[in-house]
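Notes follow the structure.
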Amino acid sequence: MTKTIAFVNQKGGVGKSTSVINVAACLANKNKSVLIIDMDPQGNTTQVYSNITDDDDSIYNLLLKKPTEKITIKSLKKNTYINDVDLLPSNVLLSSAELELVNKKHRESTLKNILKENKVHCDDYDYILLDCQPSLGLLTLNSIIASNYVIVPLHADIFSLTGLELLTKTISKIQIIYEANTTILGFFFTQVNNKEPLFQEAYNLCSEIYPDHLFNTYISAGQTIDQANATGQSVIHLSPSSKPAKDYQNLTIELMKKAS
Ligand SMILES: Nc1ncnc2c1ncn2[C@@H]1O[C@H](COP(=O)(O)OP(=O)(O)OP(=O)(O)O)[C@@H](O)[C@H]1O
Ligand SMILES: [Mg+2]
């Protein structure tokens, strides 16, 4: 069965896009087929794995398609340089989707319904990974409701931990209000310098509060990540022996076990 996982954190710059990009590459390395859905108008994942212009069709056209329009996941998806990774791209047009969706019936479940309508095609993928924007607005709500799991990349600082409490409460509310079957797969720290005493403190605190949810693996900080993002590739292809590349491989193994 296809597993749909949303990478969510309302805080910006915590590594959501970087994690989607690299977990997708690591899954493909394990012979899994992956569809990435870029639900962020910033389009960072799209910029790494494809290059579309603001005039091209994007996930916006699928979310706001009129009943007469024939656009589907199959017709919209782009290939990436990795055989087993496809992408539903985003561009800046998506920023108006929040406003336009407000008047739509079942606005919170629009993406879930699209995945259902395209089930035959979605079934071709082992994993669907959703990159969310840094907010808990309607696009992120759609992503959470459409997913089996939410996974949360985190910075090791106090604001991240208080933000995590808000996020877990929000997800509980979503489960009740929208009868969503989404569960939290877990949290993991990114951009970690493990020599920093603050990191160990944050890690210990988080594992005390959320013993079932904290991933053992954390992603080390490393310049190779910026280089990989800038050159349009995953870090496991640019620098397979680097620490962040190994960390993403271990994180993916843990993710596959947790989501099984
Ligand atoms: N492990 C890492 N080591 C070093 N730099 C990293 C690492 N992970 C991410 N970065 C860098 O941190 C910045 C933010 O990462 P990224 O864009 O993935 O975060 P994000 O949560 O998707 O941000 P946004 O909330 O704006 O969508 C980028 O410049 C990225 O290259
Ligand atoms: Mg991002």
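When the convex hull of the C-alpha atoms of segment 1-51 is computed, what volume per residue in Å³ does it have? Per residue, the Cα convex hull of segment 1-51 comes to 85 Å³.
Are any of the pairs Lys30/Lys169; Lys30/Lys66; Lys16/Lys173; Lys16/Lys243; Lys70/Lys116 more than 26 Å apart by Cα-Cα distance, and if so, which? In this structure, Lys30/Lys169; Lys30/Lys66 lie more than 26 Å apart at Cα. Here segment 151-187 is scanned for amide nitrogen atoms under 16 Å from the site 7 Å beyond the Cα of Asn204 along Cα-to-Cβ, giving 157-158.
Remark on Asn91: its backbone amide H falls under 5 Å from those of Ile59, Tyr60, a criterion applied only to residues 5 or more positions apart or on other chains, H modelled at 1.01 Å from N. The ranking of Lys70, Lys112, Lys32 by Cβ neighbour count inside 10 Å, starting from the fewest, reads Lys70, Lys32, Lys112. Sorting Leu139, Leu130, Leu164 from the fewest to the most surrounding beta carbons within 10 angstrom yields Leu164, Leu139, Leu130. In plain terms, the chain from Gln227 to Lys119 could stretch by 35.3 nm, reckoned as 0.36 nm per residue minus the Cα-Cα distance. Using only the C-alpha atoms, the convex hull of the chain corresponds to 116 Å³ per residue. Applying the criteria of a DSSP loop state and at most 11 other Cβ atoms within 10 Å to the GluC sites (Glu not before Pro) of segment 175-260 yields Glu179. Helices meeting the span-like rule in the chain (full DSSP H runs, Cα extent of at least 15 Å along the helix axis, mean Kyte-Doolittle score of -1.0 or higher): 16-29, 158-177, 197-209. Using just its DSSP H runs of length 4 or more, each adding -39500 (n - 2.57), the chain gives a mean residue ellipticity at 222 nm of -12500 deg cm²/dmol after division by all residues. Note on segment 3-258: with charges restricted to the Cβ of Lys and Arg (+1) and Asp and Glu (-1), its dipole about the Cα centre is near 540 debye. Would you look at the GNM of the chain, springs on alpha carbons closer than 10 Å, and say which of Lys173, Lys74, Lys105 moves the most? Result: Lys105 has the largest fluctuation of those listed. Remark on Ser242: its backbone amide H falls under 5 Å from none of the residues 5 or more positions apart or on other chains, H modelled at 1.01 Å from N.
Every number here is computed from the coordinates shown, using simple stated rules; none is lab data. What you are looking at is a predicted structure, and each value in this text was computed from that prediction instead of being measured. Here the Cβ is made from the backbone with ideal geometry for all residues, glycine too, and neighbour counts use every protein chain on show.
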